[in-house]
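What follows is a set of notes on a single structure, which appears directly below.
Values in this text are rule-based calculations from the coordinates and carry no lab data. From a predicted model like this one, the values you see are computed outputs, not experimental measurements. Note that we place each Cβ from the backbone using ideal geometry, even for glycine, and neighbour counts take in every protein chain shown.
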Amino acid sequence: NTIMKIMAIDYGDARTGLAICDKTEFLARPLPQINEKSMVKVADQIVTAAQQNQAEMLVLGLPRNMDGTEGARAQKSRKLAALLEQKCDLPIQLWDERSTTITAAGILSENGTFGKKRKDILDSVSATVILENFLSFRKNNPQK
């Protein structure tokens, strides 16, 4: 399992959160989120952020329903993944993110972050949670 710089994406209708890890796959930190509705523009900004941060892999949150089925949001994420594959040559991994936003909201509540400030960072914190979960999975499953 080659250790690499991985960027996670929490794709949303109006806001998309981003997070990146360091070269050791140990530390995940949020990046500025993308405030954009157009999927094509979001994809372009993700590619730019990936280049700026020297990302070697993208992990895109796949929002499944609690019963594991995929709804409209998951289809949008798959569409974005296909678009990213056309625009950059990085490996893209879809990651089940069922409880991510709830976890991120909990982290922000513990830190006393509410209101507009919370809205501005919730998606990037969600992306950080996705990345931390993925990194933990990679560490425990070296063959993946």
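Among residues other than R29 with Cβ under 11 Å from its Cβ, the summed charge is -2 (Lys and Arg +1, Asp and Glu -1).
Annotation for region 1-86: GluC sites (Glu not before Pro) lying in DSSP loop with at most 11 further Cβ atoms inside 10 Å of their Cβ do not exist. Between K41 and E70, the distance separating the two model label sites (each 7 Å from Cα on the Cα→Cβ line) works out to 2.7 nm. The local environment of A50, defined by Cβ-Cβ distances under 10 Å, has a net charge of +1 under the rule Lys, Arg +1 and Asp, Glu -1.
Full extension of the chain between M4 and K139 gives 47.4 nm of extra length, using 0.36 nm per residue less the Cα-Cα distance.
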